[in-house]
Every structure is written in C-alpha cells, then in structure tokens.
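These notes concern the structure reproduced below.
Derivation of every value follows stated rules applied to the coordinates shown; laboratory data play no part. What you see is a predicted model, and the numbers here were worked out from it, not measured in a lab. Heads up, the Cβs are rebuilt from the backbone with ideal geometry, glycines too, and the neighbour counts pull from every protein chain shown.
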Ligand SMILES: *Cc1c(COP(=O)(O)O)cnc(C)c1O
C-alpha cells in the first residue's frame, strides 16, 4: 500500500466546480459524497484533461484503462494509486464477460454493438454503480477510521426506480460498510425479473419498499424526504442518481475501450480513425461520457443521441429550444413523460444535459475573446437563467445560433417510436439471430439510419444498454411470429431463472412519504 503523498498538488482536472457558479476548487471526494451542488448545479472538473498519450493505451485491459483515465480526474493526494487500483479491480471483477464490455460485429461492414450488460444487474448502469459502491465504501470507511459507532458517518441512500436503476444501485451497494440502500418501486408495476433482482438481495443493508402507487409517486416520496428537515436531522441521505460525477467518469472508460476493440476486430479500422457512436439516451449521462472521451482526445466522428418518444433532446438538436411539453396531449398530466417500450429512457428532462450546456456556453464565451475564468462565469450565468426559465416557463431557447452550430459539430440526434423499436427487434433477429432489448433497439434503429445517411463509409458503434431478458414483454411480443423462437431457452440466462426461486424480502408501504420516513428512522436505530 502506498501512502497518500501530500505533495501531489491536484491539477485543474482534479478540482471541481458547480455549473451554477456556487462552488469552485472542490475535491473529488466532496463531489462524490455530495452528488448535487448546494446551488442546485452539477459538478464538473475545472478542465477536461487532454490525454496526449491516449494511443499508448490501446492494448490495456479494461481495469488498466480505467486506472489511466480515473487518475487524470482524481489526485493521488486524495486516493493513492494502489488504493484506486483496488477499487477498480473489485468493481470490474464482478462482470461475467472477460473483457467487461465485449464488442460484437452485428452486420454489414460497419455496424458494431457494444454490450454493456454483463454486470451483476444486466444493465449498463453496473459499469458506473459497481465503481460508485466501492468508492462510497472506501471513502466512508476512511472517514470513520478510529471513530466510535455513534460518531460514524453513515450514508442512507434512497432512490425510486422503474426497474433498471434500482437493481444496479442495490447490486452496487449490497453488503457495503457504513451505507444502507433503500429503493422504492411501484408495487406490481415493474417486470417480474426486475422485481426479483432487487427483492432477492436480503443483505441487512438493503431495503426494498413496494409502494402502493406509480413510479411518479415513488419519485415524489423521495423528493419529499430530501426536502424534509426531520428526516435530514435523523439520517444522512445520499443519492446515486445519474448526476453523480463519478458515474460519468466511470462511463468514459467504455468509449475508449470500444474504440480499441474495434481497431483489434476490424481490418478496415485503425487507431487514429474516426468512429461514430450511437447512444440510447435518457438522462444524458452515458452520452456525456462520450463527449468527455472526445474532449480528452478520442477521435469521434459524431455522437448520435438516440431517443424514444420522450424526445426533448431530439427536439433540442433540431430547434435549439429545450422544452418539456411542447403540445400536451389530451388527458395527459402536464408534467408527465410517455410510457414507452424503453422505460429506462422515459424522461421529461435530461438531468445531465445541464453539463453539456455549460460547455457550449463556455466555448461560446471563449470564441468571443473571454479568458478561461470569465468564460466559466458566463457559462454559470447562462445556466442559472436557462434553468430559471425551465422551472417557471417549462423551457428556454433557442440558444445562440453559434452555440448550436458548435454543438452540432459533434452531436446528432434521432427519435424512435415504439413501432419502430419492435420492428428493429424483429428485423435484427431475422437478419442476424441476435436478440436486442428495446433500449438497444432504439440505438440500432438510429445507427441504421445514420449508416444510410453518411456519405463516406464510417464505422458505427451502437451501445447496447440492457440484456433482453429484462424486458421480456416487448421482446416476446416483437418475436412472437418467429418460427422456433423460445424466450426461456434462447434469452433468459440461468442465473436469472434461478432468482425466481430464491427467498425474497420486501416491505409493502402506503403511498405516503411520512410512512417511508418512519421506516428510514427505524432502520437508522436498528
Ligand atoms: C439508464 C438507461 C439508459 C439511459 O442512459 P442515460 O445515461 O440516462 O442517458 C438507457 N438504457 C438503459 C437500459 C438504461 O438503464
């Protein structure tokens, strides 16, 4: 074990600020444990590090690559290299695939699929949450060294889930020291596999609450708890939602890894060539990591945002306006998103998009002659005013034409309907026998249109964000007429089948945030 070298001064990419201007010069540890800035903004490093030597990383294993990348964002004075390496090794040894995120050649010359679902919960979210769980434990145990039980920092992570995030959070935090995790799900409204993935985790620090209500009700309860003085007086609440910067950081790795895998697999692609990534997008966390990879030096042709019918991001790239509900449909709640075949992408607004807007505003200010500090100030002022307008009027924009043009140099977008999602699951199976989950099918639909659109042959890597077994309804409906198709035999992994027979633990609770508060307070005493 190396000891922390107090002499290692953090670089500008190892210190953090808030997009709304209220924080500057924070440590990585503060950013991870806080999650969200006190001014409501999101954390970003002062500067994105440029990796001059990225080409020399081409033969590294996934954990070795993660260590290279994370070291640029985390000072050794905070986490010594050996400790960081241990955290990384523990996080990625739980994956079922030897290379963590295998790249599969799907079809044509240029269409590849990056399988991100080989972690414990079969969702891409494991790539970040396995790391976050070990990081939380490391930071809390270190804070608590030598402290009496009553003085210990104990983090109570609370979250609401419609399926994917909850199981990945539980698999990230189960059995970890000094942290408990409580996940609310709407009773009877998540898929049976997702339910047993969560409720078969019977570790003492895992609590599943089945709420008599909808996913929106669960989210409202979590919001009420975070805003409640009594709850905060009793427990230290933490969140693991996609705004935590460590999650973005963890996801940068697979963009680099996919790129190098492509160079190994394709005889027509070499290190230095540009690649196009297509990312099924909800809260903009995954694709934002791709933007960081690009800024660090990875040769990216375009990052293509693939949305479902909740298309606020596609509308933004088309019009420059960021608006919740341009035309509320009859009978719809004003602030509700549509329920689609790809539920993990059902969002009204994309929480991480604030981070990209900050960069677009800052670069605009730099182009207009402002220095680094003044451009950051300008960016935080723009963010504050845009988000005030989002809150009061439900939207803002169009943003300055030059900002949009600059963003479009690297981003494209496209939108996919439910019918198109099913059609792609079917046509992909007929052509290749590969079974896509609905989220990955949104990506492949967009990738195929992009391939048809580009003027010169371009390698496309489409990200596959979930295993098809997690979304059996949509997958079996799309493939019901395929001769001989058998979901249980072809799609459902034995490990998930076995879960259906295991012991479960879940607490049913009324749709009342006060009821949930009492449960949290009781847990704290136990
Ligand atoms: C969370 C999730 C997404 C969306 O990712 P963002 O980072 O929120 O854009 C897509 N697909 C699946 C399966 C997910 O769980």
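A few comments on the model shown:
- Here residue 373 and residue 82 are evaluated by their C-beta separation; at R0 = 41 Å the FRET efficiency comes out at 0.70.
- Tail weight of P(r) past 19 Å, computed on alpha-carbon pairs of the range 173-236, percent: 41 percent
- Computed lengthening from residue 97 to residue 392, 0.36 nm per intervening residue step minus Cα-Cα distance: 101.5 nm
- Direction-averaged projected area, Cα convex hull, the range 93-204: 9.1 nm², rounded to one decimal.
- Convex hull volume per residue, computed on the Cα atoms of the range 1-89, equals 109 Å³.
- One Cα centroid belongs to the range 129-206, the other to the range 472-508; the line between them spans 25 Å.
- Extension gain, residue 55 to residue 482, is 149.3 nm, computed as 0.36 nm per intervening residue step minus the present C-alpha separation.
- For the range 406-458, the fraction of C-alpha pairs more than 13 angstrom apart is 61%.
- The range 399-526, Cα convex hull volume normalised per residue, Å³: 241 Å³
- For peptides 160-167, 412-419, 497-504, sequence by mean Cβ density within 10 Å, most packed first: 160-167, 412-419, 497-504
- Length-normalised contact order for the range 45-118 - Cα pairs under 8 Å, 6+ apart - percent: 23 percent
- Using the Cβ-Cβ distance between residue 363 and residue 270 with R0 set to 25 Å, the FRET efficiency works out to roughly 0.25.
- In nm, spacing of pseudo-spin labels at residue 432 and residue 189 (7 Å Cα→C-beta vector): 3.4 nm
- For the chain, the 222 nm mean residue ellipticity estimated from helices alone, with every DSSP H stretch of n ≥ 4 adding -39500 (n - 2.57) and the total spread over all residues, rounds to -13500 deg cm²/dmol.
- Extension gain for residue 104 to residue 385 (0.36 nm times residue separation, less C-alpha to C-alpha distance): 96.8 nm.
- Peptides 315-321, 274-280, ordered by how many other C-beta atoms sit within 10 Å of their residues on average, highest first, read 274-280, 315-321.
- q = 0.08 Å⁻¹, the chain: log10 I(q)/I(0) [Debye, one scatterer per Cα]: -0.49
- Put simply, when 58-69, 393-404 are sorted by average Cβ atoms within 10 angstrom per residue, most first, you get 58-69, 393-404.
- The label point for residue 500 and the one for residue 214, both projected 7 Å from the Cα toward the Cβ, are 2.9 nm apart.
- Contact order for the chain, expressed relative to its length and based on alpha carbon pairs under 8 Å spaced 6+ residues apart, stands at 18 percent.
- Förster radius 30 Å - calculated FRET efficiency between residue 325 and residue 406, Cβ distance, rounded to 0.05: 0.65
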